[in-house]
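Single-structure report; data block below.
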Amino acid sequence: MSDTIDTLYFKDKLFHFMHNGVVDKSDTEAIRRIYLINMFTFVGLFFTLPLGINAFCNAMFPLAIALLLISFVLIITFILLKITKNYKHASYAISALFFFLMAYLVYTGGVDHTGPLWIYSLPMIIMFLLGFKRGLTIMFLFLIVLTTILFGLDSQHIAVEYSYSFKVRIILSFIAIMFLASVYEFIREKTYHDMLNLKKILENTSKQDPLTGLYNRRAYKENIQSLHNSQGTILMCDIDHFKKINDYFGHYIGDMVLIQVAKCIQENIRSEDLAIRWGGEEFLIFLPDSSLDNGYIVSEKLRKSIENLSIRNSDGILIKVTISIGVSLVNHTTPLSTALRHADKAMYIAKNSGRNKTSVYSKDIFHKEFIS
Ligand code: GH3
Ligand code: MG
Ligand code: MG
(Lines give C-alpha, C1' and ligand atoms only; values in the text may rest on other atoms or scores of the structure.)
(Ligands and ions follow the chains in the order given, each with its own letter.)
Protein backbone atom coordinates (compact mmCIF):
# COMPACT_ATOMS: atom_id res chain seq x y z
CA MET A 1 0.00 0.00 0.00
CA SER A 2 1.53 3.30 -1.05
CA ASP A 3 1.72 6.21 1.37
CA THR A 4 -0.15 9.39 0.58
CA ILE A 5 1.73 12.70 0.53
CA ASP A 6 0.16 13.61 3.90
CA THR A 7 1.32 10.42 5.64
CA LEU A 8 4.77 10.77 4.09
CA TYR A 9 4.95 14.34 5.39
CA PHE A 10 3.85 13.17 8.84
CA LYS A 11 6.39 10.29 8.82
CA ASP A 12 9.13 12.71 7.82
CA LYS A 13 8.23 15.13 10.63
CA LEU A 14 8.02 12.28 13.15
CA PHE A 15 11.39 10.94 11.99
CA HIS A 16 12.99 14.36 12.48
CA PHE A 17 11.33 14.78 15.86
CA MET A 18 12.50 11.36 17.10
CA HIS A 19 16.03 11.99 15.75
CA ASN A 20 16.36 15.29 17.61
CA GLY A 21 19.85 15.18 19.20
CA VAL A 22 21.26 12.26 17.18
CA VAL A 23 24.89 12.83 16.20
CA ASP A 24 26.38 9.43 15.42
CA LYS A 25 23.95 7.32 13.40
CA SER A 26 25.97 4.15 14.11
CA ASP A 27 25.70 4.55 17.91
CA THR A 28 22.55 2.46 18.35
CA GLU A 29 22.68 2.64 22.15
CA ALA A 30 22.61 6.46 22.11
CA ILE A 31 19.87 6.48 19.46
CA ARG A 32 17.74 4.13 21.58
CA ARG A 33 17.98 6.56 24.54
CA ILE A 34 17.40 9.62 22.36
CA TYR A 35 14.25 8.03 20.89
CA LEU A 36 12.99 7.44 24.39
CA ILE A 37 13.75 10.99 25.53
CA ASN A 38 11.95 12.43 22.52
CA MET A 39 9.03 10.06 22.96
CA PHE A 40 8.65 10.99 26.64
CA THR A 41 8.89 14.66 25.71
CA PHE A 42 6.15 14.26 23.10
CA VAL A 43 3.81 12.16 25.26
CA GLY A 44 4.57 14.22 28.36
CA LEU A 45 3.79 17.50 26.62
CA PHE A 46 0.66 16.02 25.06
CA PHE A 47 -0.78 15.41 28.55
CA THR A 48 0.77 18.00 30.85
CA LEU A 49 0.37 21.13 28.74
CA PRO A 50 -3.43 20.93 28.09
CA LEU A 51 -4.10 19.60 31.60
CA GLY A 52 -1.95 22.37 33.08
CA ILE A 53 -3.80 25.06 31.13
CA ASN A 54 -7.13 23.48 32.12
CA ALA A 55 -6.13 23.41 35.81
CA PHE A 56 -5.04 27.04 35.57
CA CYS A 57 -8.38 28.08 34.00
CA ASN A 58 -10.18 26.24 36.82
CA ALA A 59 -8.10 28.07 39.44
CA MET A 60 -6.42 24.81 40.64
CA PHE A 61 -3.16 26.66 41.00
CA PRO A 62 -0.89 24.10 42.77
CA LEU A 63 -1.77 21.42 40.17
CA ALA A 64 -1.53 23.94 37.32
CA ILE A 65 1.92 25.05 38.48
CA ALA A 66 3.15 21.41 38.78
CA LEU A 67 1.86 20.45 35.31
CA LEU A 68 3.07 23.63 33.59
CA LEU A 69 6.46 23.25 35.29
CA ILE A 70 6.76 19.73 33.85
CA SER A 71 5.81 21.04 30.39
CA PHE A 72 8.39 23.79 30.73
CA VAL A 73 11.16 21.33 31.74
CA LEU A 74 10.21 19.05 28.82
CA ILE A 75 10.38 21.91 26.30
CA ILE A 76 13.72 23.16 27.69
CA THR A 77 15.14 19.59 27.63
CA PHE A 78 14.06 19.18 23.99
CA ILE A 79 15.61 22.51 22.96
CA LEU A 80 18.84 21.83 24.88
CA LEU A 81 19.10 18.38 23.30
CA LYS A 82 18.70 19.99 19.87
CA ILE A 83 21.42 22.55 20.60
CA THR A 84 23.96 20.63 22.70
CA LYS A 85 23.29 17.09 21.34
CA ASN A 86 24.07 15.89 24.87
CA TYR A 87 21.51 13.16 25.43
CA LYS A 88 22.96 12.26 28.87
CA HIS A 89 21.88 15.60 30.35
CA ALA A 90 18.44 15.14 28.78
CA SER A 91 18.24 11.60 30.27
CA TYR A 92 18.94 13.04 33.72
CA ALA A 93 16.35 15.78 33.28
CA ILE A 94 13.60 13.36 32.17
CA SER A 95 14.52 10.86 34.92
CA ALA A 96 14.42 13.61 37.56
CA LEU A 97 11.03 14.68 36.26
CA PHE A 98 9.60 11.16 36.57
CA PHE A 99 11.27 10.69 39.94
CA PHE A 100 9.59 13.78 41.43
CA LEU A 101 6.29 13.11 39.68
CA MET A 102 6.10 9.60 41.21
CA ALA A 103 7.12 10.86 44.66
CA TYR A 104 4.44 13.57 44.32
CA LEU A 105 1.77 10.98 43.38
CA VAL A 106 2.62 8.82 46.41
CA TYR A 107 2.67 11.87 48.66
CA THR A 108 -0.68 13.27 47.45
CA GLY A 109 -2.34 9.92 46.71
CA GLY A 110 -3.54 11.12 43.27
CA VAL A 111 -7.10 10.32 42.22
CA ASP A 112 -8.86 8.16 44.88
CA HIS A 113 -5.50 7.18 46.43
CA THR A 114 -4.46 5.34 43.24
CA GLY A 115 -1.34 7.50 42.69
CA PRO A 116 1.14 4.85 43.97
CA LEU A 117 0.12 2.51 41.11
CA TRP A 118 2.15 4.66 38.69
CA ILE A 119 5.45 4.09 40.47
CA TYR A 120 5.85 0.64 38.89
CA SER A 121 6.63 2.28 35.55
CA LEU A 122 9.59 4.11 37.12
CA PRO A 123 12.18 1.26 37.26
CA MET A 124 11.76 0.49 33.53
CA ILE A 125 11.88 4.15 32.50
CA ILE A 126 14.93 4.90 34.67
CA MET A 127 16.79 1.78 33.52
CA PHE A 128 16.07 2.58 29.87
CA LEU A 129 17.26 6.15 30.26
CA LEU A 130 20.24 5.79 32.59
CA GLY A 131 21.47 2.22 32.13
CA PHE A 132 22.09 -0.42 34.80
CA LYS A 133 24.53 1.21 37.26
CA ARG A 134 23.13 4.75 37.37
CA GLY A 135 19.59 3.40 37.09
CA LEU A 136 20.06 1.13 40.10
CA THR A 137 21.53 3.99 42.16
CA ILE A 138 18.58 6.25 41.34
CA MET A 139 16.18 3.38 42.11
CA PHE A 140 17.68 2.92 45.57
CA LEU A 141 17.38 6.65 46.11
CA PHE A 142 13.71 6.49 45.13
CA LEU A 143 13.19 3.53 47.48
CA ILE A 144 14.55 5.65 50.34
CA VAL A 145 12.27 8.56 49.35
CA LEU A 146 9.30 6.18 49.02
CA THR A 147 9.91 4.60 52.43
CA THR A 148 10.36 8.04 54.00
CA ILE A 149 7.07 9.31 52.52
CA LEU A 150 5.14 6.18 53.55
CA PHE A 151 6.65 5.51 56.97
CA GLY A 152 8.74 8.54 57.90
CA LEU A 153 6.06 11.23 57.73
CA ASP A 154 3.42 11.54 60.42
CA SER A 155 -0.22 11.96 59.45
CA GLN A 156 -0.01 15.79 59.60
CA HIS A 157 2.73 15.90 56.97
CA ILE A 158 1.45 13.40 54.42
CA ALA A 159 -1.52 14.45 52.32
CA VAL A 160 -3.09 10.98 52.36
CA GLU A 161 -3.43 8.12 54.85
CA TYR A 162 -2.58 4.62 53.50
CA SER A 163 -3.15 1.45 55.53
CA TYR A 164 -0.08 -0.23 57.04
CA SER A 165 -0.39 -3.42 54.95
CA PHE A 166 -0.87 -1.35 51.77
CA LYS A 167 2.32 0.61 52.49
CA VAL A 168 4.33 -2.58 53.15
CA ARG A 169 3.05 -4.15 49.94
CA ILE A 170 3.80 -1.04 47.89
CA ILE A 171 7.40 -1.16 49.03
CA LEU A 172 7.83 -4.93 48.58
CA SER A 173 6.22 -4.98 45.14
CA PHE A 174 8.29 -1.95 44.11
CA ILE A 175 11.47 -3.80 45.16
CA ALA A 176 10.34 -6.82 43.08
CA ILE A 177 9.77 -4.66 39.96
CA MET A 178 13.04 -2.83 40.58
CA PHE A 179 14.88 -6.16 40.79
CA LEU A 180 13.29 -7.46 37.56
CA ALA A 181 14.03 -4.23 35.68
CA SER A 182 17.66 -4.30 36.91
CA VAL A 183 18.17 -7.92 35.84
CA TYR A 184 16.63 -7.18 32.46
CA GLU A 185 18.83 -4.10 31.93
CA PHE A 186 21.96 -5.91 33.14
CA ILE A 187 21.42 -8.77 30.67
CA ARG A 188 20.54 -6.34 27.88
CA GLU A 189 23.70 -4.27 28.43
CA LYS A 190 25.86 -7.39 28.59
CA THR A 191 24.36 -8.76 25.36
CA TYR A 192 24.85 -5.37 23.71
CA HIS A 193 28.54 -5.22 24.72
CA ASP A 194 29.09 -8.84 23.63
CA MET A 195 27.61 -7.92 20.26
CA LEU A 196 29.84 -4.85 20.00
CA ASN A 197 32.92 -6.99 20.72
CA LEU A 198 31.80 -9.54 18.16
CA LYS A 199 31.30 -6.77 15.60
CA LYS A 200 34.82 -5.46 16.29
CA ILE A 201 36.31 -8.96 15.92
CA LEU A 202 34.41 -9.48 12.65
CA GLU A 203 35.52 -6.09 11.33
CA ASN A 204 39.14 -6.84 12.18
CA THR A 205 39.11 -10.33 10.70
CA SER A 206 37.44 -9.07 7.53
CA LYS A 207 40.39 -6.71 7.08
CA GLN A 208 42.98 -9.36 7.81
CA ASP A 209 44.61 -11.85 5.52
CA PRO A 210 43.95 -15.17 7.29
CA LEU A 211 47.26 -16.75 6.27
CA THR A 212 49.76 -14.03 7.14
CA GLY A 213 47.78 -11.86 9.57
CA LEU A 214 48.65 -8.77 7.51
CA TYR A 215 46.01 -6.37 6.24
CA ASN A 216 44.25 -7.51 3.10
CA ARG A 217 43.12 -5.53 0.09
CA ARG A 218 39.76 -4.74 1.70
CA ALA A 219 41.60 -2.93 4.52
CA TYR A 220 43.58 -1.05 1.90
CA LYS A 221 40.34 0.07 0.25
CA GLU A 222 38.92 1.22 3.59
CA ASN A 223 42.11 3.06 4.56
CA ILE A 224 42.57 4.51 1.12
CA GLN A 225 41.16 7.89 2.13
CA SER A 226 43.81 8.44 4.79
CA LEU A 227 46.49 7.16 2.40
CA HIS A 228 45.31 9.63 -0.24
CA ASN A 229 45.93 12.54 2.07
CA SER A 230 49.34 11.26 3.09
CA GLN A 231 52.80 11.71 1.71
CA GLY A 232 55.17 8.80 1.88
CA THR A 233 56.80 5.90 0.10
CA ILE A 234 55.36 2.74 -1.37
CA LEU A 235 57.23 -0.55 -1.49
CA MET A 236 55.81 -3.13 -3.89
CA CYS A 237 57.39 -6.47 -2.97
CA ASP A 238 57.17 -9.74 -4.89
CA ILE A 239 58.73 -13.06 -3.91
CA ASP A 240 61.12 -14.32 -6.57
CA HIS A 241 60.37 -17.60 -8.34
CA PHE A 242 57.72 -18.44 -5.80
CA LYS A 243 56.06 -20.83 -8.21
CA LYS A 244 59.25 -22.91 -8.19
CA ILE A 245 59.17 -23.06 -4.36
CA ASN A 246 55.59 -24.32 -4.54
CA ASP A 247 56.39 -26.78 -7.29
CA TYR A 248 59.52 -28.12 -5.61
CA PHE A 249 58.55 -28.15 -1.93
CA GLY A 250 54.75 -28.21 -2.13
CA HIS A 251 51.98 -25.78 -1.40
CA TYR A 252 52.20 -26.19 2.38
CA ILE A 253 55.83 -25.06 2.45
CA GLY A 254 54.86 -22.26 0.07
CA ASP A 255 52.36 -21.08 2.68
CA MET A 256 55.03 -21.30 5.39
CA VAL A 257 57.31 -19.11 3.28
CA LEU A 258 54.53 -16.53 2.90
CA ILE A 259 54.02 -16.50 6.68
CA GLN A 260 57.74 -16.05 7.36
CA VAL A 261 58.10 -13.29 4.76
CA ALA A 262 55.08 -11.45 6.25
CA LYS A 263 56.61 -11.79 9.74
CA CYS A 264 59.91 -10.43 8.46
CA ILE A 265 58.10 -7.47 6.85
CA GLN A 266 56.39 -6.63 10.14
CA GLU A 267 59.69 -6.81 11.99
CA ASN A 268 61.28 -4.36 9.57
CA ILE A 269 58.62 -1.63 9.57
CA ARG A 270 57.38 0.90 12.14
CA SER A 271 54.01 0.67 13.86
CA GLU A 272 52.65 3.55 11.77
CA ASP A 273 53.60 1.81 8.51
CA LEU A 274 51.01 -0.26 6.70
CA ALA A 275 51.77 -3.76 5.36
CA ILE A 276 49.20 -5.38 3.08
CA ARG A 277 49.14 -8.77 1.40
CA TRP A 278 48.48 -7.38 -2.04
CA GLY A 279 48.10 -10.64 -3.94
CA GLY A 280 49.35 -14.25 -3.84
CA GLU A 281 53.07 -13.60 -3.19
CA GLU A 282 52.96 -9.81 -3.44
CA PHE A 283 53.08 -7.40 -0.54
CA LEU A 284 52.46 -3.67 -0.49
CA ILE A 285 54.08 -1.55 2.20
CA PHE A 286 53.19 2.08 2.80
CA LEU A 287 55.65 4.19 4.80
CA PRO A 288 53.99 7.49 5.78
CA ASP A 289 56.12 10.65 5.93
CA SER A 290 59.03 8.87 4.30
CA SER A 291 61.32 10.14 1.52
CA LEU A 292 62.45 8.02 -1.44
CA ASP A 293 65.91 7.75 0.14
CA ASN A 294 64.40 6.47 3.36
CA GLY A 295 62.15 4.12 1.37
CA TYR A 296 65.23 2.72 -0.35
CA ILE A 297 66.99 2.16 3.02
CA VAL A 298 63.96 0.33 4.47
CA SER A 299 63.58 -1.69 1.30
CA GLU A 300 67.22 -2.83 1.30
CA LYS A 301 67.06 -3.71 4.99
CA LEU A 302 63.96 -5.81 4.34
CA ARG A 303 65.38 -7.43 1.21
CA LYS A 304 68.56 -8.49 3.08
CA SER A 305 66.56 -9.77 6.07
CA ILE A 306 64.48 -11.97 3.76
CA GLU A 307 67.58 -13.16 1.93
CA ASN A 308 69.00 -14.21 5.30
CA LEU A 309 65.91 -16.07 6.48
CA SER A 310 66.64 -19.68 7.21
CA ILE A 311 63.46 -21.55 6.34
CA ARG A 312 63.83 -25.32 6.17
CA ASN A 313 61.46 -28.06 5.13
CA SER A 314 60.87 -31.19 7.25
CA ASP A 315 63.99 -32.82 5.73
CA GLY A 316 66.10 -29.87 6.90
CA ILE A 317 66.67 -28.55 3.39
CA LEU A 318 67.22 -24.78 3.34
CA ILE A 319 64.69 -22.91 1.18
CA LYS A 320 66.24 -19.91 -0.45
CA VAL A 321 63.81 -16.99 -0.47
CA THR A 322 64.44 -13.61 -2.06
CA ILE A 323 62.19 -10.70 -3.02
CA SER A 324 62.26 -7.94 -5.58
CA ILE A 325 61.03 -4.51 -4.53
CA GLY A 326 59.87 -1.45 -6.43
CA VAL A 327 59.92 1.83 -4.50
CA SER A 328 57.96 4.96 -5.42
CA LEU A 329 56.81 8.21 -3.88
CA VAL A 330 53.29 9.41 -2.98
CA ASN A 331 52.79 13.14 -2.61
CA HIS A 332 50.38 15.90 -3.60
CA THR A 333 51.50 15.76 -7.23
CA THR A 334 51.64 11.95 -7.39
CA PRO A 335 48.41 10.36 -6.14
CA LEU A 336 48.34 6.87 -4.75
CA SER A 337 47.00 5.27 -7.95
CA THR A 338 49.90 6.73 -9.95
CA ALA A 339 52.43 5.82 -7.25
CA LEU A 340 51.17 2.23 -7.34
CA ARG A 341 51.80 2.06 -11.08
CA HIS A 342 55.25 3.56 -10.55
CA ALA A 343 56.12 1.02 -7.82
CA ASP A 344 54.91 -1.79 -10.10
CA LYS A 345 57.12 -0.59 -12.92
CA ALA A 346 60.11 -0.25 -10.60
CA MET A 347 59.50 -3.79 -9.32
CA TYR A 348 59.37 -5.04 -12.88
CA ILE A 349 62.79 -3.43 -13.49
CA ALA A 350 64.13 -5.15 -10.31
CA LYS A 351 62.89 -8.51 -11.65
CA ASN A 352 64.37 -7.91 -15.09
CA SER A 353 67.73 -6.93 -13.71
CA GLY A 354 68.27 -10.26 -11.97
CA ARG A 355 65.76 -10.32 -9.02
CA ASN A 356 66.62 -9.97 -5.30
CA LYS A 357 66.95 -6.23 -5.99
CA THR A 358 65.44 -2.90 -4.97
CA SER A 359 64.56 -0.55 -7.77
CA VAL A 360 63.53 3.03 -7.05
CA TYR A 361 61.11 4.61 -9.48
CA SER A 362 62.35 7.64 -11.36
CA LYS A 363 61.30 9.22 -14.64
CA ASP A 364 64.51 7.86 -16.21
CA ILE A 365 63.49 4.27 -15.48
CA PHE A 366 60.09 4.98 -16.96
CA HIS A 367 61.57 6.36 -20.20
CA LYS A 368 64.20 3.61 -20.43
CA GLU A 369 61.45 1.02 -20.08
CA PHE A 370 59.52 2.51 -22.94
CA ILE A 371 62.62 2.87 -25.16
CA SER A 372 63.81 -0.72 -24.63
P1 GH3 B 1 58.57 -14.03 -10.29
O2 GH3 B 1 59.90 -14.16 -9.71
O3 GH3 B 1 58.57 -13.53 -11.67
O4 GH3 B 1 57.63 -13.25 -9.41
O5 GH3 B 1 57.97 -15.49 -10.38
P6 GH3 B 1 56.94 -16.20 -9.45
O7 GH3 B 1 57.04 -17.66 -9.65
O8 GH3 B 1 57.10 -15.72 -8.06
O9 GH3 B 1 55.59 -15.61 -9.99
P10 GH3 B 1 54.32 -16.30 -10.58
O11 GH3 B 1 53.29 -15.21 -10.72
O12 GH3 B 1 54.64 -17.09 -11.82
O13 GH3 B 1 53.85 -17.32 -9.48
C14 GH3 B 1 53.26 -16.93 -8.29
C15 GH3 B 1 52.80 -18.19 -7.57
O16 GH3 B 1 52.30 -17.92 -6.26
C17 GH3 B 1 51.69 -18.90 -8.29
C18 GH3 B 1 50.67 -19.26 -7.22
O19 GH3 B 1 50.33 -20.62 -7.26
C20 GH3 B 1 51.42 -18.97 -5.94
N21 GH3 B 1 50.55 -18.57 -4.87
C22 GH3 B 1 49.67 -17.54 -4.85
N23 GH3 B 1 49.03 -17.49 -3.67
C24 GH3 B 1 49.51 -18.50 -2.92
C25 GH3 B 1 49.25 -18.97 -1.59
O26 GH3 B 1 48.43 -18.43 -0.84
N27 GH3 B 1 49.96 -20.04 -1.14
C28 GH3 B 1 50.88 -20.68 -1.92
N29 GH3 B 1 51.54 -21.69 -1.42
N30 GH3 B 1 51.12 -20.26 -3.18
C31 GH3 B 1 50.48 -19.21 -3.67
MG1 MG C 1 53.70 -11.90 -8.49
MG1 MG D 1 56.83 -13.69 -7.65
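The values are calculated or read from the model by the stated rules, or taken from the named source; none is laboratory data. Keep in mind that this is a model prediction, so the values were computed, not measured. Ideal geometry is used to build each Cβ from the backbone, glycine not excepted, and the neighbour counts take in all protein chains shown. With ligands, DNA and RNA removed, areas are computed over all heavy atoms of the protein, side chains included. Shrake-Rupley method; radii C 1.70, N 1.55, O 1.52, S 1.80 Å.
Structural remarks
- If you check ILE144, ILE177, ILE234, ILE187 for being open to solvent by less than 80 Å² (accessible area, probe 1.4 Å) and in a helix (DSSP H, G or I), only one passes: ILE177.
- Every residue from segment 237-250 that is within 10 Å of ligand 2 (Cβ to nearest atom) and either crowded, with 18+ Cβ neighbours inside 10 Å or polar (S, T, N, Q) (or both): CYS237, ASP238, ILE239, ASP240, PHE242
Conditions tested, residue by residue: (1) at pLDDT below 95; (2) more than 16 Å from ligand 1 (Cβ to nearest atom); (3) not charged (D, E, K, R).
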residue: ASN246; (1), (2), (3): no, no, yes
residue: ILE253; (1), (2), (3): no, no, yes
residue: ASN268; (1), (2), (3): no, yes, yes
residue: ILE297; (1), (2), (3): no, yes, yes
residue: LYS304; (1), (2), (3): no, yes, no
residue: SER310; (1), (2), (3): yes, yes, yes
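- The residues in segment 251-268 that are in contact (Cβ under 8 Å) with a residue 60 or more places away in the chain and farther than 17 Å from SER324 by Cα can be counted, and the count is 1.
- Among the residues of segment 323-335, the one identified as in contact with a helix residue (DSSP H, G or I) (Cβ under 6 Å, 6 or more places away or on another chain) and either over 20 Å from LYS357 (Cα atoms) or surrounded by fewer than 17 Cβ atoms within 10 Å (Cβ to Cβ) (or both) is VAL330.
- Taken together, SER271, SER230 contain a single residue that is in contact (Cβ under 8 Å) with a residue 24 or more places away in the chain, of a type outside the set (Val, Ile, Thr), in the same structural domain as ILE349 (by TED's automatic domain parsing) and away from ligand 3 (no atom under 16 Å from the Cβ), which is SER230.
- Matching residues, segment 2-44, being open to solvent by 40 Å² or more (accessible area, probe 1.4 Å) and part of a loop (DSSP other than H, G, I, E, B): SER2, ASP3, THR4, VAL23, ASP24, LYS25, SER26, ASP27
- Residue match in segment 134-157 (condition: modelled with pLDDT under 95, small (Gly, Ala, Ser) and under 16 Å from ALA181 (Cα atoms)): no
- For segment 276-288, taking the residues that are open to solvent by less than 20 Å² (accessible area, probe 1.4 Å) and away from ligand 1 (no atom under 16 Å from the Cβ), the one that is farthest from ILE239 (Cα to Cα) is identified as LEU287.
- Scanning segment 264-280 for residues that are in a helix (DSSP H, G or I) and either farther than 18 Å from ASN294 by Cβ or away from ligand 2 (no atom under 16 Å from the Cβ) (or both) gives CYS264, GLN266, GLU267.
- Applying the criterion of being closer than 20 Å to CYS264 by Cα, open to solvent by 90 Å² or more (accessible area, probe 1.4 Å) and not in a loop (DSSP other than H, G, I, E, B) to the residues of segment 198-230, the residue that is modelled with the lowest pLDDT is ARG217.
- From the options LEU172, LEU211, residue that is over 23 Å from ALA350 (Cβ atoms), within 16 Å of ligand 2 (Cβ to nearest atom) and not assigned by TED's automatic domain parsing to the domain that holds ASN331: LEU211
- Some residue of segment 103-125 being surrounded by 14 or more Cβ atoms within 10 Å (Cβ to Cβ) and farther than 27 Å from ALA55 by Cα: yes
- Here ILE323, ILE349 are screened, and the one residue that is within 16 Å of ligand 2 (Cβ to nearest atom), among the β-branched types (Val, Ile, Thr), free of Cβ contacts under 8 Å to residues at least 40 places away in the same chain and farther than 11 Å from LEU235 by Cα is ILE349.
- If you check ASP247, ASP293 for being more than 16 Å from ligand 3 (Cβ to nearest atom), assigned by TED's automatic domain parsing to the domain that holds PRO335, without any contact (Cβ under 8 Å) to a residue 40 or more places away in the chain and not in a loop (DSSP other than H, G, I, E, B), only one passes: ASP293.
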